[in-house]
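The values are calculated or read from the model by the stated rules, or taken from the named source; none is laboratory data. Values in this document were obtained by computation on a predicted structure and should not be read as measured data. Here the Cβ is made from the backbone with ideal geometry for all residues, glycine too, and neighbour counts use every protein chain on show.
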Amino acid sequence: MVTQLLDHSLGHLACQIPGATRVFHALRLDFCCAGQKSLRQAALERGLDALDVQARLLALPPADHESADWRDAPLDSLIAHLLQRYHEVHRQQLPELIRLAARVEQVHGWRADAPQGLTEFLLSLQQELDSHMQKEEQVLFPMIVRGAGPLAGGPISVMCYEHDQHGAALAQLLELAHDLQPPDDACTTWRALYRGLDELHRDLMQHIHLENHVLFPRALGEEAHNG
């Protein structure tokens, strides 16, 4: 079997193959913060068959891939997209998820399969993410729009470091919420919570991926990661 994709990085594959991010999300492969890892390495660490993952990628139809549409777009258009599609959405997602988590913990917290400490975790994530987005909105993004991106190495390094922290938080989220698999007898609120958390997980990974592997390399005048 061909192995042409196995040594490319997840970040590169996410940019190049339409629909790859859907496959990575379903398999819990971190293509944003750990996007520098090769498909072979990432699959090994997750206990997956790398050739099977490759086969899924090769079988994808050439359509519906968000980041591929932004690799050649003007940087100000990409930034406007990030602000509207992700910054605004995260600020809408988290208050409702916090409300749902508090309700589930209040009613079902005695159960071993309930998410313990999830509300407090989401409150902390909300504060950290809002602080991060404000720094991008007030400092980094205006620099890039002004054409000063090549001088923004320092702020970009800080944002990438914080992205790594967000990636670790997403892994912790999956642990707290039992891999987002509700029990068979879960109530409607519990199921709505996990659906919302899955959406947040998907959105935040795509958000970080677009910045780490598309916006930041372009702003710095670098080539996108080529695996």
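In this structure, does residue 72 turn out to be without any contact (Cβ under 8 Å) to a residue 12 or more places away in the chain and part of a loop (DSSP other than H, G, I, E, B)? Here the answer is yes, as residue 72 does meet what is asked.
Within the range 170-227, being among the β-branched types (Val, Ile, Thr) and under 20 Å from residue 46 (Cβ atoms) holds for one residue alone: 208. Inspect all residues belonging to the range 198-215 and state whether any of them is closer than 20 Å to residue 20 by Cβ and over 13 Å from the mean Cα position of the chain (by Cα). Within the range 198-215, one or more residues are closer than 20 Å to residue 20 by Cβ and over 13 Å from the mean Cα position of the chain (by Cα). Any residue at all in the range 184-192 that is closer than 21 Å to residue 24 by Cβ and modelled with pLDDT under 95? No: the range 184-192 contains no residue that is closer than 21 Å to residue 24 by Cβ and modelled with pLDDT under 95. Reported count of residues in the range 79-108, each being among the small types (Gly, Ala, Ser) and either loosely packed, with under 14 Cβ neighbours inside 10 Å or under 24 Å from residue 213 (Cα atoms) (or both), is 1. Residues that are in contact with a Leu (Cβ under 6 Å, 6 or more places away or on another chain) and either assigned by TED's automatic domain parsing to the domain that holds residue 143 or hydroxyl-bearing (Ser, Thr, Tyr) (or both) do not occur anywhere in the range 48-61. In the range 132-142, the residue that is surrounded by the most Cβ atoms within 10 Å (Cβ to Cβ) out of those that are free of Cβ contacts under 8 Å to residues at least 60 places away in the same chain and more than 17 Å from the chain's Cα centre (by Cα) is 140. Say whether the condition of being over 19 Å from residue 101 (Cα atoms) and not assigned by TED's automatic domain parsing to the domain that holds residue 31 is met by at least one residue in the range 168-183. Checked against the condition, which is being over 19 Å from residue 101 (Cα atoms) and not assigned by TED's automatic domain parsing to the domain that holds residue 31, the range 168-183 yields at least one hit. Applying a threshold of 7 Å to beta carbon distances and a minimum spacing of six or more residues, or different chains, the list of pairs starting in the range 117-130 at a residue that is closer than 20 Å to residue 106 by Cα and ending at one that is not in a helix (DSSP H, G or I) reads 118/177. Looking only at residues in the range 1-58 that are among the hydroxyl-bearing types (Ser, Thr, Tyr) and within 18 Å of residue 208 (Cβ to Cβ), the one that is surrounded by the fewest Cβ atoms within 10 Å (Cβ to Cβ) is 9.
Among the residues of the range 172-194, the ones that are over 12 Å from residue 118 (Cβ atoms) and surrounded by 13 or more Cβ atoms within 10 Å (Cβ to Cβ) come to 7 in all.
Considering each of 222, 120, 199 in turn, give the residue that is of a type outside the set (S, T, N, Q) and at pLDDT 95 or above. Full working, then the answer.
On the way: 222 fails: at pLDDT 95 or above; 199 fails: at pLDDT 95 or above.
Result of the check over 222, 120, 199: 120.
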